[in-house]
Structures are given as C-alpha cells and as structure tokens.
Amino acid sequence: MTEQMNVTLALIAALPFVGALFPGLMIRAGRDACALSAGWATLSALILLLTLAPSVWDGETVVFQVEWMPLLGLNANFMLDGLGFLFGCMILGIGLLIILYARFYLSRDDPMGQFYTYLMLFQGAMLGIVLSDNILMMVVFWELTSLSSFLLIGYWKHTVAGRQGARMALTVTGLGGLALIGGMLLLGEAAGSYDLTEILQRREAIQDSPLYMPALLLILLGAFTKSAQFPFHFWLPHAMAAPTPVSAYLHSATMVKAGLFLMARLWPVLSGTDAWFYIVGTTGLVTMVIGAWIAIFKDDLKALLAYSTVSHLGLITMLLGFGTTAAATAAVLHIINHTIFKAALFMTAGIVDHEAHTRSIKRLGGLRHLMPITATLAIVTALSMAGIPLTNGFLSKELMLEEAAHTTWVSNPWIVPLFATIGAVLSATYAFRFIAHVFLGPVRHDYPSKPHDPPFGMYAAPALLAVLVMVVGVFPEATVGSFLQVVADSVTGQHLHLHELKLWHGFTPALGMSAAAIIGGLVLLSAYVPFEQFWKALPHPEAKAVFDAIVTTLHRGCGYFSNVLHDGRMTKYIAIFAVTTIAAGLYAFSSGPYLPGTRPMLTPTLVDYVGALLVISSTVAIINYHRSRLLVLVLIGINGLVVSIIFVRLSAPDLAMTQVTVEVVTLILMLLALHFLPKRTPRESSWNRIGRDMAISGAAGIAVAALAYALMTRDFSTISGYYLENAKPGGGGTNVVNVILVDFRGYDTFGEIIVLGIAALTIYALGEALMDGKASRTLANWVQHYPYSKDRHPLMMVVATRVMMPISLMVGVYIFLRGHNDPGGGFIAGLVVAIALLMQYMASGFSWASERIHIPYHSFIGWGVLVAGITGIGAWFAGQPFLTSAFGYVHIEPIEEFELATAMAFDLGVFLTVVGAVMLALYSLSRIARRTGETVNVAPMDFDPSAEDPLEEPR
Amino acid sequence: MEALLAIIIGLQTAGGLYLVMRLRTFSVIIGTALLTYSVNLFLFASGRLAINMPPIYSKYAEGYTDPLPQALVLTAIVISFGMTAVVVLIALGAFLESDTDQIDVRRDPQDLDLDPDEVPLDVDSREPGLQEPKGDFAQ
C-alpha cells in the first residue's frame, strides 16, 4: 500500500468547522443565507474529497501529518483510504441533502443559524473521526460528536423529551467515550504506536499482548454505546425527540455509524479471535432481532425507524463479528445501502409529520392518494428496508443471510441462520407495516391536517436517494462494484477477490431464507391485530425508567458519599490531612535506612538564644491566650519581627527587609478587620478535643522540626552555584537574590505579581459584595460597643507622618534603585512606599488622605503588570526569549558611572503592583468601615488647637 | 544553631496547626500566619545556614550562602500577604453575612447551637487581654 502526502486532507477536515462559523453569525442575513453558507462548506469539502478518489481507487492511502506533541504520541495525522472515503462521502453527501431538507423542514420560529452551526460542528467531528490517523485525535473527535449531537438532539430546548433525550444520549455515548479512551490507550500501548497506519500492521503483536482483552472490551464498549447495540440501544429511540433532519443525519449516516466505523477500522487487528466473534457477533445478532421485534409495534413513525436502525446496526455489527472477509464485505455493502434507504425514510417520515401534523401510524393511512410523490418515495425505500429484490437492500440482505447460513455458534450450525431468518422476517414485517398502515388503505377524514405533497425542495433529497436505491438495486456491479472492492480492501487490509454483485445467485439457502422472510412478513402483517394483542400482553421493561432509576441511585450514592466525607467541618478535614501526612512521612522514614547528618553545625551565641527564646515564648503565649484576639495580634507581631531578625542573622538581608515590611502591613490589615469581628474567641472545645488537637499538632511540629533538622545537617548539591557565578556576568547585578528575582527566574516573579494583583482585585470584589445585601444592612446598623478615642487623629502623629512622608518615599526610591546590587528591590520598595501612604491614612483619616491621592489603585496593579510584561516582550524585539534582560553602563558627568538594566523596568512593574495591591486591600477595608456610618473627618485633625474651645467639633 | 532553628520551625508549625483546627475564623487566620512563618523558615533553611555570608558580591566575602531559597521565600512572603488579606476579607464577609464566625458548617444553618460533642465551658476568667467593657459608654 503506497502513501501519498496531501494537504487537501487537512483542508477537508477543517472545512466543516469553518462552515460552522458562518450560519451562527449570518442569521440576520436570512435563512437561505444560513443554509447556503453551511451547504457551501459541505459541498466544497465533498468536491475536495472526490478529487482524491483516483488515488483511493488506486489503493493508495492519502496522508497528511503535522507533529504536535510527538513525545506523547499525539500528532495531527490524517489518513484517507477506502473506508475513510466511503464514510467521508456519506457524511458530506448526506450532510448536503440534510442541509437542503432542513431549510424547508424547520419553521420560522426555530433558530436556524444555531441549527446549522451545530450541524456543521457535528459534521466536522464525524469527518475528524473517519479521517484521523492518530487514534488519540480520533478519540477527541469522538467526544466532540457526543457533545455536538447533544446540542442537536436537544435542539428543541422547550420540549422535555428533547432535553431528556439529549441528556440520555450524552450520558450513554459519553460513558462509552470514556471507555474508548482507555481502550485506545491500551491499544496504543500494545501496538507501540498511536498511529493507525502503524497499528494496522501489527495484528500479531496486539493479539498476543495481555492488553488485547481489556483493550478489546473497552473499545467495544465505546463502539456499542455509540452504535446503540443491545443493551445500550435505549438512548437511540429517545434521541428521536430531535428535529427530523437531525434524526435522519445522526441515525442513518453518521453518529450511530461511528461505532461501526470504529469496528470496521480496527477489524484487521482486533477480529479473528474467539472473543471478537462471540462478543461482537452475538451482540449484533441479539440487537438485530430485538430491534426488529420492537420496531413492529411502534406507532410513532420515527420510533419505528429508530428501532429499525437499531436492528440494522445489529445486522452490520454481526457481520463484522463473523470475522470473515466475505462477511466484512457484506457489512460494508450494507453500510452503504442502509445509509441510502434510511436517510430517505427518515426524510419521508418527516414530510408526513410536517404535512399531516402527526407521526402516529394509528392516525394515518391512505396517504398514497393524497401525497402520491411522497408515497412512491416511501414505498420504494421501505421495500429496500424489507429486502425486496430490485432494491439495494436486497443485495446486502442476501449476502448477510448467505454468511449467516455458514456460521456455527458454539458448534451449533442452526442457531445463527435461524435467528438471522427471524430477524429478516421481523424486519420485513415492520417495513410492510410502514407501507401498508401509512400509505395504503382507504383515505381517512380525520387527519389533524389536510396532507398534500410538499414543495420540491423538501422531497428533492429523498427522491435522489430513492433513485439511488433503485439504480444500485438493479445494476449493483456497475454502480457500487468497484467502490465496494476499494472499501472492502481497506477494511480487511488485503486485496480481495470479490464475486460479482448480482441479483440472481441461483437456488441458494439465502434465497430460501429471503423468500421465507418476505412471506413471513406478509403473514405477520395480515395478522397484525391479534399479533399486537399478544405484544401488549407481554411485559415491557421500560429502558428509560431503568436508566432514570440508575441515575437517581448513583446520584444518591454520590451524595451520601460526599456528605460523609465532605460535611462542611473544615477542622475535621485538616485533622485528617495532618494525620495522613504524618503517617505517610513516618512510613517513608521507617522504610529507609537512616544515616546521621555530617554537615558541621554552627555554634549559637547568646543573641541566638535570646531570639529563639522570644519566638518560643511568643508562640506558646499565642496558643495560651489565643482567645484574646487583640493580644494575639501583638504576640504574632513579636513572632514575625523575630523571624525577620533570624533572616538578618543568617545572611538574608533581603528577606529580613521584606518580612519586616510585610509584617507591618499584615498587622494593620488584621487590626482593621478585627474592628468588625468579635474581640474574643469563646471557649467551645471540649478537653477531649483540645487534647486530640494538641496531640496532632504536636506530632506535626515534631515531624517538621525533625525534617528541618535533617535537611540542615546534610550536604547536597543544588543548582545555586550557577546563579552565584552568573549573577554579575549574566544579569549585571551584585545582589544575587534580586538578580534571580528579576532576571533568572523573572517568569516566576511575573506570575507572582499577577497572582498578587488578582488577590487584591479579589479583595476589592469581596468588599464590593459586602456593600449589598445582608452584610450591608448589618454594617449600616452597626453599634460600636467600645468607646472611640476622642482624639482619633493625634496632632503629633499627623505632623510626624507628614514630615516623614517625603523621607519615606525617598527611602523607597533609594531601596528600589539599589536593589540590583544591594539588599532592596521592587518588592521591598513597594512595601515601604505602601507603608508611607498607609501612615497618612492612619494618621489623618481615610477621606482626608484619599482626597489628596487621586490615583485609583486598580490602575497601579494594571500598570505594574503591564510594565513588567512589556519589559519582557521587549526581549522579543532583540530576538531573545520572553524576559531576557539586557544591561549596560552609563556615565553622565558629574555622576559616577552607573548601571542601567532592563531588569530595572521589570522591577518597576513589581514595585507598582505591590503598592497597588496593598493599598487596594486597605481601601476595601476602609470602605467597609465607612459603611457603618463612621464619621469622616474633613479637617486633618479632630481638634483645632487654634480655636478658642478646642473640644468643639471642627466645622 | 540548626537545632534551635528546627525547634522554632517545629513549634511554629505545631502552634499554627493547633490554631487552624480551632472553630473560629480569627484563630484560623492567626494559625495560617504562624504556619506561614514556619514554612518560610523551612524553605529558607533548605539552603542551609550561614552567618555573615549574604549572597551579595563583595571583595571581602569569604563565601556566599545559597541565594535560591532566599529568592523563593521572598516572593512567598509577599504572596502570603496577599493570601492572608484575602482570607481576612472572606472571614469578615462571612461574619457580616451570617452573624457568626464559626468555621464548621452546621447541618442546619439556622441552628447556631454547638454540636453535642462540643460541650461549651464557661469563659475562663484567668484570661487577660480585652474584657467586655463595663458601664455606659454611650457617645
């Protein structure tokens, strides 16, 4: 088999998706424009596909490959051989007819743009399945068909049946899709490749692999659910709630055929084993008989056709399951034939529904006099469904019976032929009923609407298909002979010597079975009334009820499970989490060898002991006095300050500066929040519980301490040497920590400031939400239990902060500028400046300060991220990756030579974001305070010392 | 020195975890603050300890400590500020919306009573700090 690269393939796969864009946008241009834009894309794709026909006929495989994630085996590879070509023609050809038909079928009230967009999405997904060379990509398209068919089946959103049918279809096919993903991954493992062209060459490797059986089961689960095989057949009739064009498309040519396509595609590697024969063959046989049996008694035209589809899908599945090349050929032929007659039948059923305003067979009859054209089309195609000679359905049904006649099932040669004949009898019965009870008989006078033939546009599509039914039926070899050869070769992966397709094979067992089927069908139909009585007496397990019961049970089970595990007690989760983590750590520790650390330790001095004592005593005090919230804030402040001293002591000046400034800002925020929270924590834990929590947290503390100690007393190599060596030559700075932040790991820092900005905006949004609803009312009725100081803005503080403001800003700028070479940088400078501003707010009051600062803090954050981002993008123009920094040295008299680095612009972004985030958080809290009706000072001080009576309120 | 720092880290973790398992939002916030210190110190300690060796180029330096954990911890400190601020506001909002600052969700939102296994004890008078104000402070 030769291969040929061709970009046309990718274009064909892309066209439906391009076409999906237009109808949704063009609905204002009218319904014709919508239909035309969808039809245009489909027609173009079909024509492109046909241009590849010569290569396919020559037995070539057309491929197109784009490497996407080659390491994962995920490539955008397309291939086209006979089988893909057949399905491509079906999808696009029938699609084109459906687009035409739907234009006339849908009413003015239906949103047609939406319809065509969904339809084209679905078409693209189907086309993707049949053109994919990579099985993982095929799975992606497979899922896409489930989703887009959900949209199509539920297109009439206002109907309950539509919504439920869509949900059921999505559940069943979606679950099958999940199984299929697993199956495909196993298949790829077994074959050693995810490309179909590779997989199809490795039959022995796959069938010998222990993964064959699980892969087969999972893949079949996917295929059976999609192709509505028993016992997953129940979703298909419920999907009939969709508009008829959708049913005609999904259930004749596409959706349900995807499962068959998958089985046919993988036939060369999966078939031929006992497991394949018994699972696939038996499932197909059972589905064929059950589907046909139920179809007979359905009064709804579309339900009859739906069960008939189930039955025919079973027939094809059974043929594929037989595992012989002749059976596979018959399956291919029936795929073609079924598509043609079933699409036409659905469309005629839609016409009847459209014209007579009912689909109930019980209310119809005699339509042949009122709508002769429709009747002719329906009768021709229904005869094909019944397998009457001179129609295409006869050809494949003969082949099927022929194959069935030669198949033994568990060494019994009678079972398969017997059930195949029963299936044929039943399917002849419902086909005859479809003809006799709808179109034959006397004209009635109680149709819901006076039926007549529809406009040409509506019956054009089924008429074309009916002609095909006859032409193929009469001249099979001339019309589909060579096509069948091409497709059958690609399905079986070998060159077959097919017998010529012909109507007369002589007196064979199949002919006898065929004749029996037709006669049996006529007999059963003539006895339909007692036959129906018999059916009504039988029990009818309602699949929907079972499905609903399963869904409800699962729902309850999941609810119970998550209620037990996830009952809203956070303290419980944390306890469970801590215990599990400690246990895992203990297990890991006890299961490995232990070597004591060898790294020499530092000797602590008196200072170190004092610092440790401070942290230890403040931590113990926090735990002891944690109910007294204000006290705890003081204690935690001590804790944080000593932590920053530890950083200084242990050679981390940058960390110390950051820690001190963050500590101040955090405490101010917590103080502000505490103003609105209870000032004390009630004692509500029992002693048992306290003991339990103490034990857990004590164990965790010991574990963490031991881990930290073990880490500190051992030597191990890190990548830090690189940073130390390259900070100056590569980043141009002597403060290695700052160079890492703004240069080596600038991407991290960029992410960090974005997170910080988002956090600040979240705070703002939360504050905004509190301005409304219950929280707002609580605040508006706030009663302050504690006395306020009469002197809220003390003169000394006001003056001091104002004098200090320029100095603090200066310090901020200084820390910012020296950051690259000495301790400092954007983070610290931002915090320092934020504190300087905070001091103004605290000393002089919020409104006084905000009247003088007109910049919204949101924009600080925005500008910060923007400046940092633009600095990073700037590197692109120098041909460097994002955030590569550059630096140089500048000498301007009379200043000393100094360095300029792009990293500084990046640091500016960091600076701005930090200032904005801190101030926005404060702003949000102060807004809450003002909501309580807190008096807002207008003057800088509450007291005017120059007034005669200073205690009088300032004006 | 290493042992001292390990004890500090362990104690802060234990205290933080204990407070996080309390039943009121404010305790949880303080607990996370303590946990933040201990985690930052732990990360910092993973670069091992060194005295008088800041990672800043100098002619007189005998050596440099590991700069990478410092850079990571620096951003961690700033981010933990952002996180604390968000949590503080969430706690505040929850209190204003529900009139309670309890952490655990009750089965019945109307039922503010404690669980049967959480027997409330009387408020301990030993505790110092802010007491409820006495007398009339009407302004």
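The values are calculated or read from the model by the stated rules, or taken from the named source; none is laboratory data. Given the structure is predicted, the values throughout are model-derived calculations rather than measurements. With ideal geometry, Cβ positions are generated from the backbone for all residues, glycine too; neighbour counts draw on all protein chains shown.
Can you say whether A:L831 is modelled with pLDDT of 90 or more and either among the aliphatic types (A, V, I, L, M) or part of a helix (DSSP H, G or I) (or both), as far as the supplied structure shows? Before the answer, list the steps.
Numbers: modelled with pLDDT of 90 or more: yes; either among the aliphatic types (A, V, I, L, M) or part of a helix (DSSP H, G or I) (or both): yes.
Against the criterion (modelled with pLDDT of 90 or more and either among the aliphatic types (A, V, I, L, M) or part of a helix (DSSP H, G or I) (or both)), A:L831 qualifies.
Working only within region A:700-756, note down all residues that are of a type in the set (G, A, S) and exposed (fewer than 14 other Cβ atoms within 10 Å of the Cβ).
Result: A:S717, A:G721, A:G751.
In region A:652-675, what residues are aliphatic (A, V, I, L, M) and at the interface with chain B (Cβ under 7 Å from one of its Cβ atoms)? Spell out the reasoning first.
Taking region A:652-675 as the starting set, the residues that turn out to be aliphatic (A, V, I, L, M) are A:652, A:655-657, A:660, A:662, A:664-665, A:667-674.
If the condition is that a residue be aliphatic (A, V, I, L, M) and at the interface with chain B (Cβ under 7 Å from one of its Cβ atoms), then A:A652, A:L655, A:V662, A:V665, A:L669, A:M670, A:A673 are the ones that fit.
Taking into account only those residues within region A:699-709 that are more than 7 Å from chain B (Cβ to nearest Cβ) and under 43 Å from the mean Cα position of the chain (by Cα), which is farthest from A:S651 (Cα to Cα)? Working first, answer last.
Within region A:699-709, the subset more than 7 Å from chain B (Cβ to nearest Cβ) is A:699, A:703, A:706-707.
If we keep only those that are under 43 Å from the mean Cα position of the chain (by Cα) too, we end up with A:699, A:703, A:707.
Values: A:A699: 30, A:A703: 26, A:L707: 22 Å.
Among them, the one singled out is A:A699.
How many residues does region A:327-352 hold that are closer than 16 Å to A:S227 by Cβ and of a type in the set (S, T, N, Q)?
Number of matching residues: 1.
Check region A:438-453 and report whether any residue there is surrounded by fewer than 22 Cβ atoms within 10 Å (Cβ to Cβ) and of a type in the set (G, A, S). Walk me through it before giving the result.
Going through region A:438-453, the residues surrounded by fewer than 22 Cβ atoms within 10 Å (Cβ to Cβ) turn out to be A:440-450, A:452-453.
Going one step further and asking which of them are of a type in the set (G, A, S), we end up with A:441, A:449.
Yes: region A:438-453 contains one or more residues that are surrounded by fewer than 22 Cβ atoms within 10 Å (Cβ to Cβ) and of a type in the set (G, A, S).
Which one is farthest from A:V310 (Cα to Cα), of the residues in region A:342-387 that are in contact with a Lys or Arg (Cβ under 9 Å, 6 or more places away or on another chain) and not in a helix (DSSP H, G or I)?
Among those residues, the one meeting the criterion is A:G366.
Residue by residue, here is whether (1) more than 48 Å from the chain's Cα centre (by Cα); (2) at negative phi; (3) surrounded by 11 or more Cβ atoms within 10 Å (Cβ to Cβ) holds:
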residue	(1), (2), (3)
A:V491	no, yes, yes
A:L524	yes, yes, yes
A:G559	no, yes, no
A:V564	no, yes, no
A:R569	no, yes, yes
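Answer yes or no as to whether A:A875 is crowded, with 21+ Cβ neighbours inside 10 Å, closer than 17 Å to A:F906 by Cα and in the same structural domain as A:M804 (by TED's automatic domain parsing). Before the answer, list the steps.
Details: crowded, with 21+ Cβ neighbours inside 10 Å: no; closer than 17 Å to A:F906 by Cα: yes; in the same structural domain as A:M804 (by TED's automatic domain parsing): yes.
Spelling it out, it is not the case that A:A875 is crowded, with 21+ Cβ neighbours inside 10 Å, closer than 17 Å to A:F906 by Cα and in the same structural domain as A:M804 (by TED's automatic domain parsing).
Would you confirm whether or not region A:610-622 contains a residue that is under 18 Å from B:F44 (Cα atoms) and of a type outside the set (V, I, T)?
Within region A:610-622, one or more residues are under 18 Å from B:F44 (Cα atoms) and of a type outside the set (V, I, T).
Which number in (1) crowded, with 16+ Cβ neighbours inside 10 Å; (2) touching a Phe, Trp or Tyr at 6+ places or on another chain (Cβ under 8 Å) marks the one condition that A:S685 misses?
For A:S685, the failing item is (2).
What's the number of the only condition in (1) surrounded by fewer than 18 Cβ atoms within 10 Å (Cβ to Cβ); (2) within 8 Å of chain B (Cβ to nearest Cβ) that A:I690 fails to meet?
So A:I690 meets the others, but not (2).
Scan B:A76, B:A61 and give me the residue that is modelled with pLDDT of 75 or more and either within 7 Å of chain A (Cβ to nearest Cβ) or under 26 Å from the mean Cα position of the chain (by Cα) (or both). Please lay out each step first, then the result.
On the way: B:A61 fails: either within 7 Å of chain A (Cβ to nearest Cβ) or under 26 Å from the mean Cα position of the chain (by Cα) (or both).
Every option except B:A76 fails the conditions.
Are any residues in region A:612-641 in contact (Cβ under 8 Å) with a residue 40 or more places away in the chain and either within 20 Å of A:I690 (Cα to Cα) or among the small types (G, A, S) (or both), and if so, which ones? Steps first, answer last, please.
Initial filter on region A:612-641 (in contact (Cβ under 8 Å) with a residue 40 or more places away in the chain): A:626-630, A:633.
The answer is A:H626, A:R627, A:S628, A:R629.
Are there helices (runs of 4 or more DSSP H) fully within region A:553-651 with at least 2 residues that are facing another protein chain (nearest Cβ under 8 Å) and over 22 Å from A:V662 (Cα atoms)? List them. Reasoning before the result, please.
On the way: elements: A:570-590, A:606-624, A:629-649.
Result: A:570-590, A:606-624.
Being assigned to a helix (DSSP H, G or I) and crowded, with 24+ Cβ neighbours inside 10 Å is true for just one of A:L468, A:L399, A:L426. Which residue is that?
Working: A:L468 fails: crowded, with 24+ Cβ neighbours inside 10 Å; A:L399 fails: crowded, with 24+ Cβ neighbours inside 10 Å.
Testing whether each residue is assigned to a helix (DSSP H, G or I) and crowded, with 24+ Cβ neighbours inside 10 Å leaves just A:L426.
Looking only at residues in region A:710-726 that are within 7 Å of chain B (Cβ to nearest Cβ) and in contact (Cβ under 8 Å) with a residue 12 or more places away in the chain, which one is nearest to A:S859 (Cα to Cα)?
Restricting to residues being within 7 Å of chain B (Cβ to nearest Cβ) and in contact (Cβ under 8 Å) with a residue 12 or more places away in the chain, the top hit is A:Y723.
Please state which of the following conditions A:I696 fails to meet, knowing it meets all the rest: (1) in contact (Cβ under 8 Å) with a residue 24 or more places away in the chain; (2) more than 8 Å from chain B (Cβ to nearest Cβ); (3) of a type in the set (A, V, I, L, M, F, W, C).
Exception for A:I696: condition (2).
Given B:L17, B:L89, B:L68, which one is within 7 Å of chain A (Cβ to nearest Cβ), in contact with a Phe, Trp or Tyr (Cβ under 7 Å, 6 or more places away or on another chain) and under 30 Å from A:I754 (Cα atoms)?
Working: B:L17 fails: in contact with a Phe, Trp or Tyr (Cβ under 7 Å, 6 or more places away or on another chain); B:L89 fails: in contact with a Phe, Trp or Tyr (Cβ under 7 Å, 6 or more places away or on another chain).
Testing whether each residue is within 7 Å of chain A (Cβ to nearest Cβ), in contact with a Phe, Trp or Tyr (Cβ under 7 Å, 6 or more places away or on another chain) and under 30 Å from A:I754 (Cα atoms) leaves just B:L68.
List the pairs whose first member sits in region A:817-833 and is surrounded by fewer than 24 Cβ atoms within 10 Å (Cβ to Cβ), whose second member is in a loop (DSSP other than H, G, I, E, B) and not polar (S, T, N, Q), and whose Cβ atoms are under 6 Å apart, counting only residues at least 6 apart or on separate chains?
A:R818/A:G824; A:N821/A:G733
Restricting attention to region A:407-417, does a residue exist that is in the same structural domain as A:F277 (by TED's automatic domain parsing), crowded, with 24+ Cβ neighbours inside 10 Å and not hydroxyl-bearing (S, T, Y)?
Here is the first cut: in region A:407-417, the residues in the same structural domain as A:F277 (by TED's automatic domain parsing) are A:407-417.
After this cut, where a residue has to be crowded, with 24+ Cβ neighbours inside 10 Å as well, the list is none.
Within region A:407-417, not a single residue is in the same structural domain as A:F277 (by TED's automatic domain parsing), crowded, with 24+ Cβ neighbours inside 10 Å and not hydroxyl-bearing (S, T, Y).
Grab the helices (runs of 4 or more DSSP H) fully contained in region A:732-827, keeping just those with 2 or more residues being modelled with pLDDT under 85 and within 13 Å of another protein chain (Cβ to nearest Cβ). Full working, then the answer.
Working: elements: A:736-739, A:746-770, A:773-780, A:795-818.
Output list reads A:773-780.
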